[in-house]
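Structure first, commentary second.
The values are calculated or read from the model by the stated rules, or taken from the named source; none is laboratory data. All figures in this text were calculated on a predicted structure; none of them were measured in a lab. We place every Cβ from the backbone using ideal geometry, glycine too, and count neighbours over all the protein chains shown. SASA here: full protein model, heavy atoms, side chains in, ligands and nucleic acids out. Shrake-Rupley method; radii C 1.70, N 1.55, O 1.52, S 1.80 Å.
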Amino acid sequence: MANHPNWRLPEVPEFTLTSPDFEEGETLPQWARSGIAGAGGEDRSPTLHWDGAPSGTRSFALTVYDPDAPTGSGWWHWAVYNIPAKVTSLPQDAGNPDAGLLPPGSITLPNEIRLERYLGAAPPSGHGEHRYVFTVSALDVERLDIPEGSTPAILGFHIASHIVARAQLTGVSETP
(Lines give C-alpha, C1' and ligand atoms only; values in the text may rest on other atoms or scores of the structure.)
Protein backbone atom coordinates (compact mmCIF):
# COMPACT_ATOMS: atom_id res chain seq x y z
CA MET A 1 0.00 0.00 0.00
CA ALA A 2 1.38 3.42 -0.94
CA ASN A 3 1.63 5.94 1.85
CA HIS A 4 -1.09 8.54 1.17
CA PRO A 5 -0.27 11.97 2.61
CA ASN A 6 -3.95 12.70 3.46
CA TRP A 7 -4.61 9.44 5.28
CA ARG A 8 -6.62 10.14 8.43
CA LEU A 9 -6.64 13.89 7.82
CA PRO A 10 -9.94 15.81 7.81
CA GLU A 11 -11.90 15.49 4.57
CA VAL A 12 -12.43 19.00 3.23
CA PRO A 13 -13.40 20.63 -0.07
CA GLU A 14 -10.69 20.99 -2.69
CA PHE A 15 -9.47 24.02 -4.60
CA THR A 16 -6.89 24.27 -7.39
CA LEU A 17 -3.10 24.39 -7.14
CA THR A 18 -1.02 24.68 -10.33
CA SER A 19 2.51 25.50 -11.43
CA PRO A 20 3.88 26.62 -14.79
CA ASP A 21 7.01 24.65 -13.88
CA PHE A 22 5.46 21.14 -13.81
CA GLU A 23 2.10 19.41 -14.26
CA GLU A 24 0.37 17.00 -11.88
CA GLY A 25 2.36 13.75 -11.74
CA GLU A 26 5.21 15.07 -13.89
CA THR A 27 8.90 15.17 -13.03
CA LEU A 28 10.06 18.21 -11.08
CA PRO A 29 12.55 20.45 -12.90
CA GLN A 30 16.24 19.70 -12.24
CA TRP A 31 16.63 23.06 -10.47
CA ALA A 32 13.90 21.99 -7.98
CA ARG A 33 16.11 19.09 -6.86
CA SER A 34 18.49 19.63 -3.97
CA GLY A 35 22.00 20.97 -4.25
CA ILE A 36 22.29 21.09 -0.47
CA ALA A 37 21.62 17.34 -0.27
CA GLY A 38 23.84 16.58 -3.27
CA ALA A 39 21.14 15.74 -5.82
CA GLY A 40 22.42 18.06 -8.55
CA GLY A 41 19.79 20.77 -8.21
CA GLU A 42 19.51 24.33 -6.96
CA ASP A 43 16.94 23.98 -4.13
CA ARG A 44 14.71 26.41 -6.01
CA SER A 45 11.01 26.12 -5.16
CA PRO A 46 8.64 26.12 -8.14
CA THR A 47 6.15 28.87 -8.90
CA LEU A 48 2.77 28.05 -7.34
CA HIS A 49 -0.69 29.47 -8.12
CA TRP A 50 -3.92 28.63 -6.29
CA ASP A 51 -7.51 29.46 -7.02
CA GLY A 52 -10.96 28.71 -5.62
CA ALA A 53 -10.35 28.79 -1.88
CA PRO A 54 -13.55 29.30 0.16
CA SER A 55 -14.61 32.86 0.94
CA GLY A 56 -14.09 32.27 4.68
CA THR A 57 -10.36 31.64 4.22
CA ARG A 58 -8.35 33.81 6.61
CA SER A 59 -4.84 32.46 5.86
CA PHE A 60 -2.96 29.70 4.07
CA ALA A 61 -0.31 27.17 4.98
CA LEU A 62 1.97 25.46 2.47
CA THR A 63 3.77 22.16 2.92
CA VAL A 64 5.93 20.02 0.65
CA TYR A 65 6.15 16.40 1.70
CA ASP A 66 7.74 13.22 0.33
CA PRO A 67 5.65 10.29 1.59
CA ASP A 68 8.00 7.82 -0.12
CA ALA A 69 11.14 8.60 1.87
CA PRO A 70 12.55 5.49 3.57
CA THR A 71 12.00 6.81 7.08
CA GLY A 72 8.67 5.43 8.26
CA SER A 73 7.44 9.01 8.56
CA GLY A 74 8.15 10.58 5.17
CA TRP A 75 10.27 13.69 4.65
CA TRP A 76 9.24 17.34 4.97
CA HIS A 77 10.91 19.60 2.39
CA TRP A 78 9.19 22.92 3.14
CA ALA A 79 6.57 24.31 5.51
CA VAL A 80 5.25 27.87 5.56
CA TYR A 81 2.28 29.23 7.48
CA ASN A 82 0.51 32.53 8.17
CA ILE A 83 0.40 33.28 4.45
CA PRO A 84 -2.18 36.10 4.15
CA ALA A 85 -5.57 35.16 2.65
CA LYS A 86 -5.18 37.73 -0.14
CA VAL A 87 -2.12 35.85 -1.49
CA THR A 88 -2.87 33.38 -4.30
CA SER A 89 0.59 32.61 -5.63
CA LEU A 90 4.25 32.31 -4.76
CA PRO A 91 7.01 33.04 -7.26
CA GLN A 92 9.78 30.64 -8.18
CA ASP A 93 12.48 30.54 -5.46
CA ALA A 94 10.11 31.83 -2.74
CA GLY A 95 11.53 29.03 -0.57
CA ASN A 96 14.94 30.73 -0.52
CA PRO A 97 15.05 33.01 2.54
CA ASP A 98 17.76 35.15 0.93
CA ALA A 99 15.44 35.96 -1.99
CA GLY A 100 12.87 37.66 0.29
CA LEU A 101 9.93 36.50 -1.87
CA LEU A 102 7.53 35.23 0.79
CA PRO A 103 4.68 37.55 1.79
CA PRO A 104 5.24 39.63 4.95
CA GLY A 105 4.10 37.78 8.07
CA SER A 106 4.68 34.32 6.58
CA ILE A 107 6.72 31.99 8.75
CA THR A 108 8.92 29.14 7.49
CA LEU A 109 9.56 26.18 9.77
CA PRO A 110 12.73 24.08 9.69
CA ASN A 111 12.63 21.19 7.22
CA GLU A 112 14.02 17.71 7.99
CA ILE A 113 17.62 18.92 7.91
CA ARG A 114 16.63 21.84 10.17
CA LEU A 115 16.94 24.61 7.56
CA GLU A 116 14.17 27.20 7.33
CA ARG A 117 13.87 27.01 3.56
CA TYR A 118 12.75 24.86 0.63
CA LEU A 119 14.88 21.73 0.29
CA GLY A 120 14.70 20.24 -3.18
CA ALA A 121 14.01 16.64 -4.14
CA ALA A 122 16.79 14.18 -3.30
CA PRO A 123 15.51 10.61 -3.23
CA PRO A 124 18.16 8.01 -2.43
CA SER A 125 19.93 6.56 -5.46
CA GLY A 126 18.16 3.50 -6.83
CA HIS A 127 15.17 3.93 -4.49
CA GLY A 128 12.75 4.57 -7.34
CA GLU A 129 10.41 7.45 -8.03
CA HIS A 130 9.35 9.61 -5.08
CA ARG A 131 6.27 11.83 -4.90
CA TYR A 132 6.61 15.45 -3.76
CA VAL A 133 3.21 16.62 -2.56
CA PHE A 134 2.76 20.40 -2.56
CA THR A 135 -0.25 21.21 -0.36
CA VAL A 136 -1.86 24.60 0.21
CA SER A 137 -4.32 24.51 3.11
CA ALA A 138 -6.97 27.21 3.46
CA LEU A 139 -7.45 28.01 7.15
CA ASP A 140 -10.21 29.66 9.19
CA VAL A 141 -7.76 31.69 11.30
CA GLU A 142 -5.58 34.64 10.35
CA ARG A 143 -2.60 33.34 12.30
CA LEU A 144 -1.47 30.08 13.80
CA ASP A 145 0.52 30.40 17.02
CA ILE A 146 3.16 27.71 16.85
CA PRO A 147 6.35 27.75 18.92
CA GLU A 148 9.42 28.89 17.00
CA GLY A 149 11.44 25.97 15.66
CA SER A 150 8.49 23.57 15.63
CA THR A 151 8.46 20.77 13.10
CA PRO A 152 6.23 20.58 10.02
CA ALA A 153 4.41 17.70 11.75
CA ILE A 154 3.41 20.10 14.55
CA LEU A 155 2.19 22.53 11.87
CA GLY A 156 0.13 19.69 10.38
CA PHE A 157 -1.47 19.06 13.75
CA HIS A 158 -2.52 22.74 13.96
CA ILE A 159 -3.68 22.80 10.34
CA ALA A 160 -6.01 19.86 11.01
CA SER A 161 -7.95 21.96 13.56
CA HIS A 162 -8.42 24.93 11.22
CA ILE A 163 -8.49 23.62 7.65
CA VAL A 164 -11.50 24.56 5.49
CA ALA A 165 -10.15 23.41 2.10
CA ARG A 166 -7.07 21.83 0.54
CA ALA A 167 -5.27 22.13 -2.80
CA GLN A 168 -2.57 19.69 -3.87
CA LEU A 169 -0.11 19.27 -6.71
CA THR A 170 2.27 16.31 -6.89
CA GLY A 171 5.56 16.24 -8.75
CA VAL A 172 7.92 13.29 -8.93
CA SER A 173 11.67 12.79 -8.92
CA GLU A 174 14.06 9.86 -9.04
CA THR A 175 17.78 9.37 -8.59
CA PRO A 176 19.07 6.48 -10.77
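Key figures
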read-out	value
Condition check for residue 174: open to solvent by 30 Å² or more (accessible area, probe 1.4 Å), within 25 Å of residue 113 (Cβ to Cβ), over 17 Å from the mean Cα position of the chain (by Cα) and touching a residue at least 24 places away in the same chain (Cβ under 8 Å)	yes
Residues located in the range 81-118, provided they are of a type in the set (Val, Ile, Thr), outside any strand (DSSP E or B) and open to solvent by less than 60 Å² (accessible area, probe 1.4 Å)	87
Residues of the range 119-132 satisfying the condition of being more than 14 Å from residue 44 (Cβ to Cβ) and either assigned to a loop (DSSP other than H, G, I, E, B) or open to solvent by 40 Å² or more (accessible area, probe 1.4 Å) (or both)	123, 124, 125, 126, 127, 128, 129, 131
Given (1) outside any loop (DSSP other than H, G, I, E, B); (2) open to solvent by 40 Å² or more (accessible area, probe 1.4 Å); (3) under 17 Å from residue 123 (Cα atoms), number of the condition residue 77 does not satisfy	(2)
Residue list for the range 1-51, filter: more than 20 Å from residue 89 (Cα to Cα), open to solvent by less than 70 Å² (accessible area, probe 1.4 Å) and β-branched (Val, Ile, Thr)	12
